1. Please go through the stretch 165-183 and give me each residue that is in contact (Cβ under 8 Å) with a residue 24 or more places away in the chain, buried (at least 16 other Cβ atoms within 10 Å of the Cβ) and in a helix (DSSP H, G or I), ordered by number.
2. So, in the stretch 195-223, of the ones that are among the hydroxyl-bearing types (Ser, Thr, Tyr) and in a helix (DSSP H, G or I), which residue ends up farthest from Ile251 (Cα to Cα)?
3. Could you list all residues from the stretch 147-177 that are among the β-branched types (Val, Ile, Thr) and over 30 Å from Val303 (Cβ atoms)?
4. Could you tell me which of the residues Thr62, Thr40 is in contact with a strand residue (DSSP E or B) (Cβ under 8 Å, 6 or more places away or on another chain) and without any contact (Cβ under 8 Å) to a residue 24 or more places away in the chain?
5. Give the residues of the stretch 186-214 that are closer than 16 Å to His301 by Cα and under 19 Å from the mean Cα position of the chain (by Cα), sorted by residue number.
6. If you go through the stretch 114-131 one residue at a time, do you hit one that is modelled with pLDDT of 95 or more, buried (at least 22 other Cβ atoms within 10 Å of the Cβ) and part of a helix (DSSP H, G or I)?
7. Would you point out which residue out of Val64, Val72 is surrounded by fewer than 15 Cβ atoms within 10 Å (Cβ to Cβ), under 15 Å from the mean Cα position of the chain (by Cα) and under 30 Å from Leu223 (Cβ atoms)?
Amino acid sequence: MTAFDTLSLSALPRRFLLASATALTLLGSQAFAADKLPVTASFSILGDLVRVVGGDRVAVTTLVGPNEDAHVFEAKPTDAKTLLESKLVVTNGLGFEPWAAKLIKSAGYKGETVAATKGVKPRHMEEEKGHAGHAHEETDPHAWQNPNNVVLYVRNIAAGLAKVDAAGAATYQANAEAYVKELQALDSWTKAQIATIPADKRKVITSHDAFGYFAAQYGVKFLAPQGVNTEAEPSAKQVAQLIKQIQREKIRAVFVENMSNPKLVAQLSKDAGATLGASLYADALSTADQPGATYLQMMRHNVTQLVAGMKLN
């Protein structure tokens with residue numbers, strides 16, 4: 001027997017013991033993380049939904065983070081690496097992330113993908129007439145603004161997760177159905193909140209047209225200087241027409257979104273004599289220290305602010 005074999009633990013330096021314990025803890029956490037299913041979501045709202053459905057079985061990476069605009073996202077080389085390490089990639093679909101298909105192809109990703117909007121009945125918006133004098137329709141991709149569509153989102157996500165992790169299928173389905181009940185409660189609560197506003201007062205100005213599904217579900221009229229894409233710059237004529245409409249209809253509920261440049265709507269508000277309300281969360285969640293860190297929090301914040309604004313109309 002060597003001297004080391006007979007050495008008691010109490011005789012070992014405290015720093016050695018602490019370092020060893022730390023190393024074991026790190027190894028254990030890395031092994032635990034390695035056991036989780038790596039999933040990539042295209043933007044923050046989807047990332048939250050995947051975390052809800054996946055629970056402890058998944059490790060989610062979001063390409064477009066909180067308070068960031070997915071319309072103008074530009075992929076980095078590290079994003080391709082993230083995809084290649086993933087077992088599942090979840091996108092919104094309906095043309096929301098035109099860059100996603102290009103990124104998946106250029107990265108050489110061959111794994112499973114899920115379009116969360118599968119089965120959603122899309123809205124179509126008529127855009128301003130072009131040079132040829134013809135109006136054209138554009139698909140509105142912001143389907144998550146109606147909680148009933150998010151029911152389809154989470155079920156599609158659960159099915160996608162089960163496809164790459166059959167052992168967790170029951171867990172994913174149970175998590176999704178529990179969340180469906182929360183979405184149904186959110187829908188009922190929102191209807192009750194909007195009902196406190198007279199129908200002729202349900203008018204709102206937002207910075208871009210991201211609330212069409214919400215408008216259709218809850219009977220609120222949204223006006224926006226930008227179209228469905230935040231890259232589009234409104235013309236001077238469009239802005240002037242909107243100012244006249246604000247003044248004519250006496251709209252006081254004016255809002256910007258967390259990932260938008262507030263200057264345009266602030267100027268609109270000033271020129272039309274309206275008061276700028278709190279930020280809404282349209283295409284992105286907030287950071288954890290703000291009121292829209294999860295989908296449910298985002299929606300409840302938006303509804304509360306919209307109702308407060310419409311009471312001023």
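1. Listed by number, the residues that qualify are Gly168, Thr171, Tyr172, Asn175, Ala176, Tyr179, Val180, Leu183.
2. Kept after step one, since they are among the hydroxyl-bearing types (Ser, Thr, Tyr), are these residues of the stretch 195-223: 196, 206-207, 213, 218.
Narrowing further to those that are in a helix (DSSP H, G or I): 213, 218.
On the way: Tyr213: 21, Tyr218: 18 Å.
This residue is Tyr213.
3. Val164, Thr171
4. Checking each option against the conditions leaves just Thr62.
5. Leu186, Asp187, Thr190, Thr206, Ala210, Phe211, Phe214 - these are the residues of the stretch 186-214 that are closer than 16 Å to His301 by Cα and under 19 Å from the mean Cα position of the chain (by Cα).
6. no
7. From the options Val64, Val72, the qualifying one is Val72.
Let's see how each residue does on (1) in a helix (DSSP H, G or I); (2) modelled with pLDDT under 70:
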| site | (1), (2) |
| --- | --- |
| Ile251 | no, no |
| Asn261 | no, yes |
| Ala293 | no, no |
| Leu306 | yes, no |
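The values are calculated or read from the model by the stated rules, or taken from the named source; none is laboratory data. The structure presented is a predicted model; accordingly, all values stated were derived computationally and were not measured. Note: ideal-geometry Cβ built from the backbone for every residue, glycine included; neighbour counts use all protein chains shown.
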